[in-house]
Amino acid sequence: MVTRVDALADRHDPIVVTRPHLTLGTSLSAPAPESSETAFVAMGCFWGAERKFFEMNGVLVTSVGYQGGFTANPTYEDVCTGQTGHAEVVKVVFDPHVVSYGDVLGCFFENHDPTQGFRQGNDIGTQYRSAIYFTDERQERIARTLAQVYGEKLRDAGYGPITTEIAPAGPFYMAEEYHQQYLVANPNGYCGIGGVGVSCPVGLSLD
């Protein structure tokens, strides 16, 4: 992982996406509704990962971007150098009265291999790491509890320890427009997403 000292220099201009969500029709940049909750997760290439979440009942909008690193306003090319420290992240805005944060993390854990470190399948690099960026203490508690419980299930199934980064959510930098809902615009596009076949136990007590 690159250090702050060695990271690429900041860019001054943020990436702006003006078109709405290709499936949900909602704005990608408007403030989240007051009654909503936001989750930030990284699980490899964000193209296939985003689709898993906007297909969930109760999700209001999703977008993909870069988070967890040092360089402000990075481009995709910047992130792919491994010199920004960012992961490819999905931002999930959802109605907590319809779907819980635990359910969102259950989808996260079940749809990738969280034991692979700085890679996901054939996608290799720090930007493809598994990560949960929490927004408050409650989200942190749920994330760490699920990681522990799911880690035990993975161990019983013969997998190594979970390498998922769990850290406070820093700035989320929107990715370029062509990355947003990529598999909707490109139905035959690359999707490297896939779980290990081990279910993640999500109890209502978590929330």
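The values are calculated or read from the model by the stated rules, or taken from the named source; none is laboratory data. Predicted, not measured: the structure shown is a model, and the values here were computed from it. Here the Cβ is made from the backbone with ideal geometry for all residues, glycine too, and neighbour counts use every protein chain on show.
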task: Among the numbered conditions (1) surrounded by 14 or more Cβ atoms within 10 Å (Cβ to Cβ); (2) in a loop (DSSP other than H, G, I, E, B), tell me where Ala147 comes up short.
output: (2)
- request: Test Gln127 against the stated conditions and say whether it is assigned to a helix (DSSP H, G or I), closer than 25 Å to Thr26 by Cβ and touching a strand residue (DSSP E or B) at 6+ places or on another chain (Cβ under 8 Å).
  value: no
statement: Picked from the stretch 55-77 (must be surrounded by fewer than 22 Cβ atoms within 10 Å (Cβ to Cβ), of a type outside the set (Val, Ile, Thr) and touching a residue at least 60 places away in the same chain (Cβ under 8 Å)), the residue farthest from Gln181 (Cα to Cα) is Phe70
- request: Answer yes or no as to whether Val104 is crowded, with 24+ Cβ neighbours inside 10 Å, without any contact (Cβ under 8 Å) to a residue 60 or more places away in the chain and under 25 Å from Pro171 (Cβ atoms).
  value: no
task: Please work out which residue is modelled with the highest pLDDT, limiting yourself to the stretch 1-29 and to residues that are small (Gly, Ala, Ser) and in contact with a strand residue (DSSP E or B) (Cβ under 8 Å, 6 or more places away or on another chain).
output: Ser27
query: Out of all the residues in the stretch 167-179, is one or more farther than 24 Å from Leu28 by Cβ and in a loop (DSSP other than H, G, I, E, B)?
result: no
- line: In the stretch 186-205, residues that are over 20 Å from the mean Cα position of the chain (by Cα) and modelled with pLDDT under 75 total 3
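Would you be able to tell me the number of residues in the stretch 116-133 that are among the polar types (S, T, N, Q) and within 14 Å of the chain's Cα centre (by Cα)?
Looking only at that region, the number is 4.
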task: State yes or no: is Val89 crowded, with 16+ Cβ neighbours inside 10 Å and in a helix (DSSP H, G or I)?
output: no
